Amino acid sequence: MISLKHPLQCMCGNNMSLPLLAEAVTVSGTEKETAAVIFLHGLGDSGHSWADAMTAIRLPHVKYICPHAPRIPVTLNMKMTMPSWFDLMGLSPDSPEDEAGIKRAAENIKAIIDHEAKNGIPANRVLLGGFSQGGALSLYTALTCQQQLAGVVALSCWLPLHKSFPQAASASGNRDMPILQCHGEMDPMIPVQFGAMTAEKLKVIVNPQKITFRTYPGLVHSSCPQEMAAVKEFIEKQLPRI
């Protein structure tokens, strides 16, 4: 079975959006919350592991929201039912993709952004992030979002429906959105070459000067303290105290 979840041991339609938010793990700020990070886990995982990771790098004025993906049958894993943002048929750039599922999942994440805006945190103070399948969804959502977001953290992932870009981003307000992309050089699931190809594609879609692609020697399909330090630094830069 393919597992694209974040290994804990390595860490030192809109109708669904409200349940997604209601059941999400939220790490509250320790002072007035003026910004939010929405972070999406990988296949077969839950929001809990990344809520723990976000707690370790938290900033006092930022709220961290880690939703749980719905449980659906996943083609890649012999139709086994598991937490997954959308169906996965394969892990190569030419694999068929669940276009309807990807677009539906993106709308659900956009609805969470809208909910935060209604409660006082505007879209330009919201940063999207994710690991593996969650990172893929965060990239797609941000690049097709009409509101201007603070940035994206994309860990060990790829750009879904990559052949539909840059046209798919034509109505987006995120041409100048900063993107931090990180990848382990020894990743056996999503090879680092796929990450590099994604970075090159992103440079065609958004301002290439806003793309940062970092790789980590020896790192497999996981995260490491150095990567999380880079994530914290990126969040601090894009979501400064008001």
Inset, instruction - Can you tell me the FRET efficiency between S164 and D114 if r is taken as the Cβ-Cβ distance and R0 is 22 Å, rounded to the nearest 0.05? - result: 0.45
Legend entry - V220/A100 FRET efficiency (R0 22 Å; Cβ-Cβ; nearest 0.05): 0.10
Inset, instruction - Evaluate the distance, in nm, between pseudo-label points positioned 7 Å from the Cα of I242 and of D52 along their respective Cα→Cβ axes. - result: 3.3
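For A229 and K79 in one chain, what is 0.36 nm times their gap in residues minus the Cα-Cα distance, to one decimal in nm? List each step's numbers first, then the result.
Details: separation 150, 0.36 × 150 = 54.00 nm, distance 3.65 nm.
Length gained between A229 and K79: 50.4 nm.
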Legend entry - Among [x] 45, 39, 34; [y] 84, 36, 31; [z] 70, 47, 45, the entry that matches Cα extents along the principal axes in Å as calculated here: [x]
Legend entry - Structure-based [θ]222 nm, the chain - -39500 (n - 2.57) summed over DSSP H runs of at least 4, per residue, nearest 500: -10000 deg cm²/dmol
Legend entry - Evaluated over the range 32-146, the Cα radius of gyration and Dmax, each in Å: 14.5, 46
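May I ask for the Rg/Rh ratio of the range 126-242, computed from Cα atoms with Rh as the Kirkwood radius, given to two decimals? Don't jump to the answer; show the numbers that get you there.
Values: Rg = 13.3 Å, Rh = 14.0 Å.
Result: Rg/Rh = 0.95.
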Inset, instruction - Compute the convex hull volume of the Cα atoms of the range 174-242, divide it by the residue count, and report the result per residue in Å³ as a whole number. - result: 87
Inset, instruction - Taking the Cβ of each residue in M82, M89 as the centre, tally the other Cβ atoms inside 10 Å and list the residues starting with the fewest. - result: M89, M82
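The range 137-242: which GluC sites (Glu not before Pro) are DSSP loop and have at most 14 other beta-carbon atoms within 10 angstrom? Can you show the working numbers first?
On the way: sites: E185, E200, E227, E233, E236; in loops: E185.
Loop-located and lightly packed - E185.
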Legend entry - Distance (nanometres) between label positions extended 7 Å along Cα→Cβ at E200 and R71: 4.1
Legend entry - Filter on K32/K118; K32/K232; K118/K232; K118/K201; K118/K163; K103/K203 - keep pairs with C-alpha separation over 28 Å: K118/K201; K118/K163
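A short reminder: the numbers here are calculations on the coordinates, not readings from a lab. Just so we're clear, the structure is a prediction, and the values are computed from it rather than from any experiment. Note that each Cβ is placed from the backbone with ideal geometry, even for glycine, and that neighbours are counted across all protein chains shown.
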